[in-house]
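Engineer: Before I ask anything, let me first share the structure, which is written out below as structure tokens.
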Amino acid sequence: MPRVNGKRISKNVYAKTREECEKKLAELIKTAKAEIAEMKKQAKNA
């Protein structure tokens, strides 16, 4: 997960079934990677 002030941001995933949880977790990972890439991109431009 992305870091803010040197600390990781924790996020939780809740669902009724394991399959649903795995889908939500995959989406969360995908968005987290996009956020990290955007932060790195902004850091290079700064």
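Engineer: Counting only pairs 8 or more places apart or on different chains, how many lysine pairs in the chain have C-alpha atoms closer than 28 Å?
Structural biologist: Going through the chain pair by pair, I get 28.
Engineer: If you fit an axis through the alpha-carbon atoms of helix 18-45 and take the longest principal axis of the Cα set of the chain, what angle between them do you get, 0 to 90°, nearest 10?
Structural biologist: Compared with the principal axis, the helix lies near 0 degrees.
Engineer: Still on this structure, please answer the following. When each pair of different Cα atoms in the chain is counted once in the 1/r mean, what is the Kirkwood radius in angstroms, to one decimal? List each step's numbers first, then the result.
Structural biologist: Numbers: mean 1/r = 0.0836 Å⁻¹.
After inverting the mean inverse Cα-Cα distance, the result is 12.0 Å.
Laboratory data are not the source of any read-out in this text; all were calculated from the coordinates shown. These figures come from a predicted structure and were not determined experimentally.
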